[in-house]
Amino acid sequence: MAEASLYRIRRLVHAYEGGTALRIDELAVRRASIVGLVGPNGSGKSTLLHLLGFIHAPTDGTILFKGQPAGPFSESVRFTVTLLPQESYLLKRTVWQNVRYGLQLRGHEGGQQDRVREALQWVGLEPDRFLHRKWYALSGGEAQRVALAARLVLRPEVLLLDEPTASVDALSAQRIKEAAMRARKEWGTTLVVASHDRQWLYEVCDNVLHLYRGRIFSNGEENMLFGPWRQRGDGRFETHDSDGASFVVDPPPSPDAVAIFGTDAISVSCERPSREQPCVEATISRLLWDRSTGQVIVSFLAGSRPLSARFSAEDIAEKQLYPGRTVWIGYDPGAFRWVE
Ligand code: ADP
Ligand code: MG
């Protein structure tokens, strides 16, 4: 039977001189799946993509690719895995030379014209207009699309995209998303995408992984409460919110620890809960449909603090959770996990 997981990671650690940037105990990526990576800057998204792209080897642990250990020089990955970096880079040559480059490296001599034209068409760049453009005659979004075309021309089995739409115009972003989805549809390409565009990720991904301080907090929409925590008269601790939306917890493991919690730790109601139940007042700011689970992710603003939770579509209708509505969010500090 064919190995269902394209990647299998065990006890992976990656450290730079400044310290550990990534620590993943276990992760599997299925063939032809779409995996999203979200998390604040510095959480380890690019590091994970570099390791999945075998650009460098992890400090410790193994990455199995198709069931076999693989590394930066493995034959099994050289022609099949490709990364579009956050700061993609074009050769100081024409579009044609840029897109053709990977094919040349891989020794594809025949049919280059057709493959290059096809790749440009996929990213919405008319070949007759763009083939002979020089690298400096492209807008930022067009350059990013050329960089993507230079990966698509390889018909990769794995396409790793690091914030592919972060600094491009809306049309380019749309074309980039369409081309990535088309690769998965036509070739079964596995996609791993780091992006701040949550709406897109939740629409297309089979799995959205949340990274924070080099760790994965998967299964859903995670909330984070940042320190510093301030001690109150009763010995408990609270967040420092100028707008009154404070969270109260038992002593945290350290004054700067981060509390992480999902939907299981909160309850949402339209009336104020009883006095004993700790709660904050919040306004619903957005509803987002998660295709992979069929659930709806509800975003709230408690003061200026963003929070979110998942509900079934039936719950949304029954509780009448619509944007603009004010609700009370009860929380259970005992269900918080802590990261120091
Ligand atoms: P993200 O892509 O989520 O913003 P990164 O993977 O780029 O996160 O970074 C994770 C952590 O590793 C950060 O603390 C960052 O400063 C550090 N880091 C990333 N690349 C390097 C590097 N080449 N040398 C040293 N530290 C790095
Ligand atoms: Mg990054």
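The values are calculated or read from the model by the stated rules, or taken from the named source; none is laboratory data. Because the structure is predicted, anything quoted here is derived from the model rather than measured. As a convention, Cβ positions derive from the backbone with ideal geometry for all residues, glycine included, and neighbour counts pool all protein chains shown. Just so you know, the surface numbers come from the protein's heavy atoms only, side chains and all, with ligands and any DNA or RNA stripped out. Shrake-Rupley method; radii C 1.70, N 1.55, O 1.52, S 1.80 Å.
Show the residues, 5+ positions off or on another chain, whose built amide H is closer than 5 Å to the amide H of residue 211.
Result for residue 211 returns 38, 39, 217.
Quick one: which residues, 5 or more positions from residue 300 or on another chain, have an amide H under 5 Å from its amide H? H modelled 1.01 Å from N in the peptide plane, none for Pro or chain starts.
Result for residue 300 returns 285, 307, 308.
Answer with one residue from 307, 183, 205: the one whose Cα lies farthest towards the positive end of the charge dipole of the chain, charges on Cβ with Lys, Arg +1 and Asp, Glu -1.
183
Would you mind putting 294-307, 319-332 in packing order, based on average other-beta-carbon counts within 10 Å, highest first?
Taking the mean over residues of other Cβ atoms within 10 Å, the ranking is 294-307, 319-332.
Farthest toward the dipole's positive end in the chain, which of 38, 102, 144, given Cβ charges of +1 (Lys, Arg) and -1 (Asp, Glu) about the Cα centre?
With unit charges placed on the Cβ atoms, the residue in question is 102.
What's the magnitude of the charge dipole for the chain around its Cα centre, counting Lys and Arg as +1 and Asp and Glu as -1 at the beta-carbon? Answer in Debye, nearest 20.
1240
Counting DSSP beta bridges in the chain, what percent are antiparallel, to the nearest 5?
75
How much area per residue is accessible in the range 19-151 when the probe is 1.4 Å and only protein heavy atoms are counted (Å²)?
On a per-residue basis, 48 Å².
Compute the angle between helix 170-187 and the longest alpha-carbon principal axis of the chain, please, reported from 0 to 90 degrees and rounded to the nearest 10.
Here the helix axis deviates by roughly 70 degrees.
Residue-wise, which Karplus ³J(HN,Hα) couplings in Hz belong to the range 307-322, taking 6.51 cos²θ - 1.76 cosθ + 1.60, θ = phi - 60°, and x for glycine or proline?
My calculation for the range 307-322 gives 9, 8, 7, 9, 9, 6, 4, 5, 4, 4, 5, 5, 7, 6, 8, 10 Hz in order.
Run the numbers on the range 218-278 and let me know its relative contact order in percent, using alpha-carbon pairs under 8 Å that are six or more apart.
36 percent.
Any idea what log10 I(q)/I(0) is at q = 0.07, 0.11, 0.13, 0.14 Å⁻¹ for the chain, Debye with uniform C-alpha scatterers and no solvent?
-0.36, -0.81, -1.04, -1.14
Could you state the per residue volume, in Å³, of the convex hull enclosing the Cα atoms of the range 255-324?
Convex hull of Cα atoms, per residue: 119 Å³.
How much space per residue, in cubic angstrom, does the convex hull of the C-alpha atoms of the range 188-312 take up?
Dividing the Cα hull volume of the range 188-312 by its residues yields 127 Å³.
Given 0.36 nm per residue, what is the gain on full extension from residue 114 to residue 74 after removing their alpha carbon distance, in nm?
Gain on extension, residue 114 to residue 74, equals 11.5 nm.
Multiplying the sequence separation of residue 86 and residue 126 by 0.36 nm and subtracting their Cα-Cα distance, what value in nm do you get?
12.0 nm
So what are the ³J(HN,Hα) numbers for the range 193-198, from phi and the Karplus equation (6.51, -1.76, 1.60; θ = phi - 60°), rounded to whole Hz, Gly and Pro as x?
10, 8, 7, 8, 7, 5
Could you work out what % of the accessible surface of the range 197-340 is carbon and sulfur, using a 1.4 angstrom probe and leaving DNA, RNA and ligands out of the count?
Here carbon and sulfur together make up 46 percent of the probe-accessible area.
What ranking, highest mean first, results for peptides 172-178, 281-287 when packing means the other Cβ atoms within 10 Å averaged over each residue?
172-178, 281-287
With unit charges on the beta carbons (Lys and Arg positive, Asp and Glu negative) and the dipole taken about the Cα centre of the chain, which residue among 28, 111, 316 sits farthest to the positive side?
Highest projection toward the positive end goes to 111.
Return one number: the angle in degrees, 0 to 90 and rounded to the nearest 10, between the long axis of the Cα atoms of helix 95-105 and the longest principal axis of the Cα atoms of the chain.
Orientation of helix 95-105: about 80 degrees from the principal axis.
Could you report the accessible area of residue 224 in Å², rounded to 10, computed with a 1.4 Å probe on the protein chains as they sit in the structure?
Looks like 40 Å² after rounding.
Skipping prolines and chain starts, which residues have an amide H placed within reach, meaning under 5 Å, of the one on residue 70, given they are 5 or more residues away or on another chain?
63, 65
Semi-axes of the equivalent ellipsoid of the range 113-237: what are they in whole Å, largest first, if each equals the square root of 5 times a C-alpha gyration tensor eigenvalue?
Gyration-tensor ellipsoid for the range 113-237: 39, 17, 10 Å.
Could you give each residue of the range 35-46 its phi-based ³J(HN,Hα) in whole Hz, using Karplus coefficients 6.51, -1.76, 1.60 with θ = phi - 60°, and x for Gly or Pro?
These are the phi-based 3J(HN,Hα) values: 10, x, 10, 10, x, x, 4, x, 7, x, 5, 5 Hz.
Can you give me the relative contact order of the chain as a percent, contacts being Cα pairs under 8 Å and 6 or more apart?
Reported as a whole number, the value is 16 percent.
With respect to the cross-link table entries 66/185; 45/66; 92/177; 66/134; 45/185, which display a Cα-Cα separation exceeding 27 Å?
66/134
Taking the chain as the reference, fit the longest principal axis to its C-alpha atoms, fit the long axis of helix 140-152 to the helix C-alpha atoms, and give the angle between the two in degrees, 0 to 90, nearest 10.
Once rounded, the angle reads 70 degrees.
Leaving ligands and nucleic acids out of the surface, order 50, 240 by accessible area at 1.4 Å, largest first.
Order by accessible area, largest first: 240, 50.
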